[in-house]
Amino acid sequence: MNLMTVQIGLVGKPNAGKSTFFAASTLIDVKRAPYPFTTINPNIGVGYAKLRCVCKEFGVKDNPKNSFCINGWRFAPVELMDVAGLVPDAWKGRGLGNKFLDELRRADALIHIIDISGSTDVEGRPLKPGEHDPLIDVTFLEKEIDMWMFQILKRDWDRISRTIDIKSSEKARELYERLSGLGIKLESIENALLELSLQNKRVSSWSDEEIFEFIKFVRWASKPMLIAANKIDLPYAEENYHRLKREIGDKYTIIPVSAESELALKKAAKAGLIEYIPGEKEFKIIKKLNERQKKALEYIKERVLEKWGSTGIQKAIDTTVFELLHMIAVFPVENENKLTDHNGNVLPDVHLVHSGITAKEFAYLIHTEIGEKFAFAIDVRNKKRLSADYKLKHRCVIKIVTSR
C-alpha cells in the first residue's frame, strides 16, 4: 500500500473551458483556443485542495515539503487530468471519444466543466451567449460515460454471465473483476445488486435495461461528479445557473466558476502585482498597474468575486475532495513535541486519505514496514495513545510508534 494522490478528471465538451480550468488550477501553460479538440493528449498536473493548517493552532512556523501553506491555509496536492473534449457518440469512437474515456479509468472523481453561458453548441462550436442549453451538456455526458461502460461490460456477455451464474455466491466479486479496470469499487457493485434487487437474479437473465441501470448505479457511486458552471460572468450565465440549480441541484453539486478570472488572478499574483490566496473573495494590489490591468482586475472584482464570493475554481476542487470523495487530511510527524520529521522540518507533510481510515491502515500507507511494525499512534494534541483500529479525524496530527 502507498500514499496515492487523489486523481480528478476534468471532463466536458470541447471549448467549455477545461484547459483554462486546468491552467488556473496548476499554472501549467496549456494550449487553449476557441475551437474543438485543442486538447488531444491529456494534460496532467498538480492542483491543490485547501484546508485550515494546524500551524497557527500550535503556534509554529511550518515548512511544508509535499504541500504549501499561505497565512494559515494549507494546500494539499491532488492530480488533475484535463482530457480531450467529449462529443455526442464518443462511446462509439467518434471524435477522440475512446481516447477520452479510457483516460478516465483511474480518476477518483470527475469535475464536469460546462459552458453555463450557452455560448458553445454540443460539439463545442462558438455561438452567441444564450443560444445553447447547458442542461443538454450534462445529460449527454452522463449518457456517453454510461454507454462506454455498458458496452465494455456487454463484450462477451453471454459467456461471462454464465460463468458468474456458476459462481453465484461470488457474483459481486466476479462483476468487480470485470469492471475493476474502470475504477469501479466492490462496495459499489454490492450496493447496486442490493438496491436494484439483482442479488438473487441469475446474471444471464438480466435484460439490457437492467444491465444499463446497474452500470448507471456503479458509475454514480464510483465516479462522483461535480458540475463547474464555467463562464459565470458572461450574459445568460446567471439565468442558466439558477435554472440548473432548480432542475438538477438535488442530484449534482453545481459551483459557479470563472476559470479565466482565476487564471488572471494567479498570473497577477505570480508577477507580484497582487496578493491573492486561491479561493478568497478579494485580492490586494501591491504594485502600480497600467490601465488595462486595472480594468481587468476591476471587472473580476465586480463581476465575479463580489457577486459569487470567489472564482469557484478552488471551491470546486475542495468540494470534490472533501464532500464528494469524503477525504480527510492527516499531518504525520516523528517528533510529537517539536512537530517535526527526522530532518527537523516542522509539519512537513499533509496527506489526503479516505474518512474512516484507521491508525494502522494509515501506517501501512506510509510504508508497508511501518504498518507491519505498528505498535500504536499518538494524538499530538492531547498526547493520548491511539489503538490500531482508531479512526483518524480530519486535520489530526499523529505520530506512528513502531515496535523494534
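The values are calculated or read from the model by the stated rules, or taken from the named source; none is laboratory data. Just so we're clear, the structure is a prediction, and the values are computed from it rather than from any experiment. As a convention, Cβ positions derive from the backbone with ideal geometry for all residues, glycine included, and neighbour counts pool all protein chains shown.
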Query raised in the report: Hey, among the residues in the stretch 270-298 that are at pLDDT 95 or above and in a helix (DSSP H, G or I), which one's surrounded by the most Cβ atoms within 10 Å (Cβ to Cβ)?
Result: Leu297
Report task. Look at the stretch 118-145 and say how many of its residues are outside any helix (DSSP H, G or I) and under 16 Å from Val11 (Cβ atoms). Result -> 4
Query raised in the report: Has the stretch 146-155 got at least one residue that is outside the structural domain of Glu238 (by TED's automatic domain parsing), at pLDDT below 85 and not in a helix (DSSP H, G or I)?
Result: yes
Requested in this report: Among the residues of the stretch 125-161, write down those that are surrounded by 15 or more Cβ atoms within 10 Å (Cβ to Cβ), over 17 Å from Lys18 (Cβ atoms) and in contact with a Ser or Thr (Cβ under 8 Å, 6 or more places away or on another chain).
Outcome: Pro129, Gly130, Ser161
Requested in this report: Identify the residue in the stretch 308-321 that is touching a strand residue (DSSP E or B) at 6+ places or on another chain (Cβ under 7 Å) and not β-branched (Val, Ile, Thr) and, among all such residues, is farthest from Glu239 (Cα to Cα).
Outcome: Asp318
Query raised in the report: Out of all the residues in the stretch 365-404, which are of a type in the set (S, T, N, Q), outside any loop (DSSP other than H, G, I, E, B) and within 23 Å of Met327 (Cα to Cα)?
Result: Thr368
Query raised in the report: How many residues are among the polar types (S, T, N, Q), in a helix (DSSP H, G or I) and either surrounded by 13 or more Cβ atoms within 10 Å (Cβ to Cβ) or in contact with a helix residue (DSSP H, G or I) (Cβ under 9 Å, 6 or more places away or on another chain) (or both) when one looks only at the stretch 165-214?
Result: 6
**Report entry** Single match in Val380, Val353, Val346 (criterion: closer than 30 Å to Ala221 by Cα, touching a strand residue (DSSP E or B) at 6+ places or on another chain (Cβ under 7 Å) and in contact (Cβ under 8 Å) with a residue 40 or more places away in the chain)
**Finding:** Val353
Requested in this report: Would you point out the residue of the stretch 360-394, among those that are of a type in the set (A, V, I, L, M) and in contact with a Lys or Arg (Cβ under 8 Å, 6 or more places away or on another chain), that is surrounded by the most Cβ atoms within 10 Å (Cβ to Cβ)?
Outcome: Ala377
Query - Long-range neighbours under 6 Å by Cβ, at least six apart or interchain, first residue more than 21 Å from Ala23 (Cα to Cα) within the stretch 298-327, second exposed (fewer than 15 other Cβ atoms within 10 Å of the Cβ) - result: His326/Ser355
Report summary line: The one condition Asp233 fails out of (1) modelled with pLDDT under 95; (2) part of a loop (DSSP other than H, G, I, E, B) is (1)
